[in-house]
Amino acid sequence: MSTSLDDIFPRQPNLYSGMTLDELESVVEDATRISTCNPTSIHQDASQGHCFRLVRLSDLLSLPEVPIDWVLDGMLAVGTISAVVAKPKVGKSTFARGLCLAVAKGSEFLGRRTRQGPCIYLALEERVEEVTSDFRAMGADGTEPEWTSLPTRLNRVELP
């Protein structure tokens, strides 16, 4: 019988709760496995999966300059992942709702242009009434290409 991580860390919530040590070792091994990439191309073929590879600076600098496609001009590029991080209760959720609505409408946000497009706002901790009230106060009218995901406990709210 394998030892469970819950036995080793009984009082700590664990991302891998319920996993055995063998299963965790397998996850770590899979995550650290490095596959090779085509050495003749800087661009990775999607069929090769994830890879890690060193590229000479001279090869990198030989690539043509491609203009950055911005979602939020000068701050948030298309195809990237970003995080809004700050202490509790400083306005992260309000900031994210405002940005999402501005992108959905294609309107300026904090004096910067946005690229109009669909947006998903994940309301993972807020009350549905707070989210609704804030979007209304920001001028949302329901015609924007925006979707909001409510936490499971809020999904019982009757929506039209």
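The values are calculated or read from the model by the stated rules, or taken from the named source; none is laboratory data. All values reported here derive from a predicted model rather than from experimental measurement. Cβ sites come from the backbone with ideal geometry, for glycine too, and all protein chains shown count toward neighbours.
Structure summary
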item	result
S82 within 22 Å of S149 (Cα to Cα) and either in a helix (DSSP H, G or I) or over 19 Å from the mean Cα position of the chain (by Cα) (or both)	no
Single residue of the stretch 106-145 satisfying the filter (polar (S, T, N, Q) and surrounded by 11 or more Cβ atoms within 10 Å (Cβ to Cβ)) that is farthest from the chain's Cα centre (by Cα)	S133
Unmet requirement for G74, which otherwise passes all of (1) at pLDDT below 90; (2) more than 18 Å from the chain's Cα centre (by Cα)	(1)
Any chance T94 is in a helix (DSSP H, G or I) and over 28 Å from D69 (Cα atoms)	no
Yes/no for T36 being over 25 Å from the mean Cα position of the chain (by Cα), exposed (fewer than 10 other Cβ atoms within 10 Å of the Cβ) and modelled with pLDDT under 90	yes
Residue in the stretch 57-74 that is touching a Lys or Arg at 6+ places or on another chain (Cβ under 9 Å), aliphatic (A, V, I, L, M) and assigned to a loop (DSSP other than H, G, I, E, B) present	no
